[in-house]
Amino acid sequence: RFLERGKPGSERIVRLDQVLPVVRSVPEFWIDFKFFTPDFAEQALAEFRRAKIDESRLIVATFTEPALAYLRKAHPNIRRVGHFNVTKDAKTGLWRRHDGKTFAMREEAVRSALEYRDKYGLFGVNMPVSQGQTRPQDVEFLRKNGLWVSLWFVQDAKAAAAYRTCGADAFVTDFASHLRVEGQN
């Protein structure tokens, strides 16, 4: 165990080159660049190559649009997932996308995910579910239009059931037990 929650001083930072040999058999790896430069990305990807983990097993998910643009050009085989967020601005009543672009109607903002997909050649989007930011019908629309949809942070069983029913592909959660379907692991 690399991190034991709630115990001061129990956290230990583990380098990528130390952890990849331990988890090498995991089917897919989710990489989220909070910090990005092309050089930094290449260093991280080199660690996966050294561990003999093929790019086809990698998913890069990020808000960092320069990372999405760079990876599309330099590593087109790596699946790219853009963090995508739609909120209503209380002052203007407009719907605001994660990058600041505004829309008069919520549906327009959600549809703009298709433009975002095309701009960066996205495999999918990762959307928040807190405070109703992402609705089941948003997931259904995006899936019908060819996007893989991941949702974050799905923290309760009721939300997990609702989003699983509408076709969400993946969940980011602290409670994996909420996502289990009876009869499956």
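The values are calculated or read from the model by the stated rules, or taken from the named source; none is laboratory data. The shown structure was predicted, so the numbers you read here are calculated from the model rather than taken from an experiment. Note that each Cβ is placed from the backbone with ideal geometry, even for glycine, and that neighbours are counted across all protein chains shown. For the accessible areas, the whole protein counts, side chains as well, though only heavy atoms, and no ligand, DNA or RNA atoms are used. Shrake-Rupley method; radii C 1.70, N 1.55, O 1.52, S 1.80 Å.
Output the number of residues of region 106-151 satisfying the condition of being open to solvent by less than 10 Å² (accessible area, probe 1.4 Å) and among the hydrophobic types (A, V, I, L, M, F, W, C). Show your work before the answer.
Of region 106-151, the ones open to solvent by less than 10 Å² (accessible area, probe 1.4 Å) are 109-110, 112-113, 116, 124-128, 134, 138-139, 142, 147, 149-151.
Okay, now just the ones that are also among the hydrophobic types (A, V, I, L, M, F, W, C), so 109-110, 113, 125, 127, 139, 142, 147, 149, 151.
Residues that pass the stated criteria total 10.
When region 65-83 is filtered for residues that are of a type in the set (Gly, Ala, Ser) and surrounded by 13 or more Cβ atoms within 10 Å (Cβ to Cβ), the ones remaining, listed by number, are Ala67, Ala69, Gly82. Pairs are defined by a Cβ separation below 7 Å, a sequence spacing of at least 6 or placement on different chains, a first member in region 82-94 that is within 25 Å of Leu122 (Cα to Cα), and a second member that is assigned to a loop (DSSP other than H, G, I, E, B); the pairs so defined are Gly82/Leu122; His83/Phe63; His83/His98; Phe84/His98; Asn85/His98; Asn85/Gln133; Val86/Gln133; Thr87/Gln133. Pairs are defined by a Cβ separation below 9 Å, a sequence spacing of at least 6 or placement on different chains, a first member in region 61-73 that is touching a residue at least 40 places away in the same chain (Cβ under 8 Å), and a second member that is assigned to a loop (DSSP other than H, G, I, E, B) and of a type in the set (D, E, K, R); the pairs so defined are Ala61/Asp32; Glu65/Asp99. Under the condition of being under 20 Å from Val19 (Cα atoms), exposed (fewer than 12 other Cβ atoms within 10 Å of the Cβ) and modelled with pLDDT of 95 or more, the residues counted in region 33-44 number 1.
Within region 84-105, which residues are in a strand (DSSP E or B), over 14 Å from Arg135 (Cα atoms) and open to solvent by 80 Å² or more (accessible area, probe 1.4 Å)? Walk me through how you get there before you give the answer.
So the first thing to find is which residues in region 84-105 are in a strand (DSSP E or B), and the list is 86-88, 95-97, 102-103.
When the remaining residues are screened for being over 14 Å from Arg135 (Cα atoms), the result is 95-97, 102-103.
If the condition is that a residue be in a strand (DSSP E or B), over 14 Å from Arg135 (Cα atoms) and open to solvent by 80 Å² or more (accessible area, probe 1.4 Å), then Arg96 is the only one that fits.
Residues in region 115-134 that are of a type in the set (Val, Ile, Thr) and in a loop (DSSP other than H, G, I, E, B) were compared, and the one that is modelled with the lowest pLDDT is Val129.
Matching residues to (1) modelled with pLDDT of 95 or more; (2) open to solvent by 100 Å² or more (accessible area, probe 1.4 Å); (3) of a type in the set (Phe, Trp, Tyr):
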residue	(1), (2), (3)
Lys7	no, yes, no
Arg12	no, yes, no
Arg24	no, no, no
Ala46	yes, no, no
Arg49	yes, yes, no
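Does region 149-163 include one or more residues that are in a helix (DSSP H, G or I), under 21 Å from Val81 (Cα atoms) and without any contact (Cβ under 8 Å) to a residue 60 or more places away in the chain? Looking for residues that are in a helix (DSSP H, G or I), under 21 Å from Val81 (Cα atoms) and without any contact (Cβ under 8 Å) to a residue 60 or more places away in the chain, one finds at least one in region 149-163, hence yes. Which of the residues that make up region 152-162 are open to solvent by 20 Å² or more (accessible area, probe 1.4 Å) and not small (Gly, Ala, Ser)? Within region 152-162, Trp152, Phe153, Gln155, Asp156, Lys158 meet the criteria.
Kindly provide the set of residues from region 51-64 that are surrounded by 12 or more Cβ atoms within 10 Å (Cβ to Cβ) and within 28 Å of Asn85 (Cβ to Cβ), ordered by number.
Residues of region 51-64 that are surrounded by 12 or more Cβ atoms within 10 Å (Cβ to Cβ), as a first pass: 51, 53, 55, 57-64.
Correct list: Glu55, Arg57, Leu58, Ile59, Val60, Ala61, Thr62, Phe63, Thr64.
Here Trp30 passes the criteria (1) touching a residue at least 12 places away in the same chain (Cβ under 8 Å); (2) over 14 Å from the mean Cα position of the chain (by Cα); (3) within 14 Å of Leu16 (Cβ to Cβ); (4) open to solvent by 40 Å² or more (accessible area, probe 1.4 Å) except the one numbered (2).
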